[in-house]
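What follows draws every value from the coordinates through simple rules; no lab data is involved. These numbers were taken from a predicted model, which means no experiment stands behind them. Please note: Cβ atoms are built from the backbone with ideal geometry, for glycine as well, and neighbour counts cover all protein chains shown.
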Amino acid sequence: LFPARVNSSEYFPIFLALLWQAGLFFHQGLAAALGLVYLYARYRYFVGYKASSSERLAPMYFSSGVLWILIAASALGILHSLLSHYLGLNILQFFTA
């Protein structure tokens, strides 16, 4: 169980930084929901790691997918913020028009 704890401690700073950026720049509700989904996937990873090595793979891949979604939300939010501040472009107007 020690390798599972070390693996989670390596990903936790990445998760916190992405969660903060996605909540600040994109949407707080979506970031909070994705954070809860990520924590549940990591919990399932621990349970699967304790049971067998094959049961830990699906939650590990799922939590990686949640991290990629957080990366995308953070990048889109930061891009929107930069474009609206420096170029005066509002990307959201294109989607609502």
Item checked: 222 nm mean residue ellipticity, helices alone, for the chain (DSSP H n ≥ 4; -39,500 (n - 2.57); rounded to 500) -> -27000 deg cm²/dmol
Notebook entry, point to check: What percent do you get for the relative contact order of the chain when only Cα pairs under 8 Å and 6+ apart count?
Noted result: 29 percent
Margin query: If a paramagnetic tag sat 7 Å from the Cα of residue 46 along the Cα-Cβ line, which residues of the range 1-34 would have the backbone N under 20 Å from that point?
Written below: 1-17, 19, 33-34
Note to self: Taking each pair of distinct Cα atoms in the chain once, what is the resulting Kirkwood hydrodynamic radius in Å?
What the structure shows: 14.7 Å
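Test of understanding: what is the full-extension gain from residue 24 to residue 8, defined as 0.36 nm times their sequence separation minus their Cα-Cα distance?
Details: separation 16, 0.36 × 16 = 5.76 nm, distance 2.37 nm.
3.4 nm is the gain from fully extending residue 24 to residue 8.
Report the full-extension gain for the segment residue 55 to residue 37: residue separation times 0.36 nm, less the Cα-Cα distance, to one decimal in nm. Display every interim value, and only then the final one.
Working: separation 18, 0.36 × 18 = 6.48 nm, distance 1.78 nm.
Taking 0.36 nm per residue and subtracting the Cα distance, the gain is 4.7 nm.
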Item checked: Choice from 72, 51, 32 showing the highest fluctuation, given a GNM over the chain with Cα pairs closer than 10 Å -> 51
Check: How far is helix 57-82 tilted, in degrees, relative to the longest principal axis of the Cα atoms in the chain, given as a value from 0 to 90 rounded to the nearest 10?
Finding: 20 degrees
Notebook entry, point to check: What net charge do the residues around residue 49 carry, taking every other residue with its C-beta under 13 Å from that of residue 49, with Lys and Arg at +1 and Asp and Glu at -1?
Noted result: +4
Next item on the list: Compute the long axis of helix 2-21 from its Cα atoms, compare it with the longest principal axis of the Cα atoms of the chain, and write down the angle in degrees, 0 to 90, nearest 10.
Entry: 10 degrees
